[in-house]
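The values are calculated or read from the model by the stated rules, or taken from the named source; none is laboratory data. Bear in mind that the values here come from a model prediction, so they are computed numbers and not experimental data. Cβ atoms come from the backbone with ideal geometry, glycine included; neighbour counts cover every protein chain shown. Only protein heavy atoms, including side chains, enter the accessible area calculation; ligands, DNA and RNA are left aside. Shrake-Rupley method; radii C 1.70, N 1.55, O 1.52, S 1.80 Å.
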Amino acid sequence: MSGSPGSTQTPQPVTPQAMREVLGHFVSGVVVITAQGAEPIGFTCQSFASLSLDPPLITFSPARSSTTWPRIREVGRFCVNVLAEDHQEYSNGFARSGTDKFAGVNWAPAPSGAPVLEGVSAWIDCTLWNEYDGGDHTMVVGQVSDLGADPARLPLLFYRGAYGITAPLPPGVDEETG
């Protein structure tokens with residue numbers, strides 16, 4: 001990792017660990033992308049953003065190693081569920097492979113039929129617009145066909161490897177004394 005801006009050090013190669021640490025300083029929301037295939041399918045995604053107002057487009061980036069995204073791509077319609085602050089269990093559950101991610105999860109169908117998870121902060125129903133190469137991820141663009149939000153529900157935030165906006169204490173720092 002390089003030093004401070006303006007230093008005259010020779011840039012070092014950027015490692016995945018350095019990327020994760022530095023970009024972890026950017027607070028992000030957490031979404032679950034869902035679709036209705038033969039059964040409901042979905043996965044947790046942290047890289048999501050609004051892209052365009054006209055036409056209405058969003059973007060998110062699943063890992064190339066995702067086994068769920070190809071199944072959602074095949075359906076061609078999906079819903080972005082913006083998780084609320086008390087949805088850590090949804091975030092963790094939909095990030096796992098090889099389990100029934102919808103076990104015990106209440107949901108209702110969006111107009112596309114894709115699951116809208118109960119209690120989400122917002123939902124965005126989309127059709128697949130396009131995909132682009134994004135290195136070890138795929139950059140997906142969806143055209144928004146319907147959406148809704150509950151202004152009373154605060155979003156689930158992720159910062160420096162933890163939920164919420166406070167960073168974990170560095171090793172060896174006591175919470176009582178700082």
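Brief remarks follow.
- Computed over region 32-178: relative contact order in percent, which uses C-alpha pairs under 8 Å that are six or more apart: 25 percent
- Nonlocal amide H pairs with E85, under 5 Å, H built at 1.01 Å: L154, L156
- Each peptide in 119-130, 9-20, 145-156 was scored by the mean count of other Cβ atoms within 10 Å over its residues; highest first, the order is 119-130, 145-156, 9-20.
- Across region 84-94, coupling constants 3J(HN,Hα) worked out from phi with the 6.51/-1.76/1.60 Karplus curve, θ = phi - 60°, read 8, 4, 9, 9, 4, 5, 5, 4, 5, x, 7 Hz, and Gly and Pro carry x.
- The relative contact order of region 1-112 comes to 25 percent, based on Cα pairs under 8 Å that sit 6 or more residues apart.
- Taking amide H atoms as placed 1.01 Å from N in the peptide plane, the amide H of H137 lies under 5 Å from those of R64, each 5 or more residues away in sequence or on another chain.
- In this structure, S97 and R20 have a Cβ-Cβ separation that, at R0 = 22 Å, corresponds to a calculated FRET efficiency of about 0.65.
- Two-site FRET efficiency, V27 against E74, from Cβ-Cβ distance with R₀ of 30 Å, rounded to 0.05: 0.35
- Relative to the Cα centre, the charge distribution of region 53-124, modelled as +1 at Lys and Arg Cβ and -1 at Asp and Glu Cβ, gives a dipole magnitude of about 400 debye.
- R0 of 30 Å, Cβ-Cβ distance A162-W129: FRET efficiency to nearest 0.05: 0.35
- Evaluated with a Cβ-only charge set (Lys, Arg +1; Asp, Glu -1), the chain carries a dipole of roughly 420 debye about its Cα centre, given to the nearest 20.
- Solvent-accessible surface ranking, highest first, for T99, T68 at 1.4 angstrom: T99, T68
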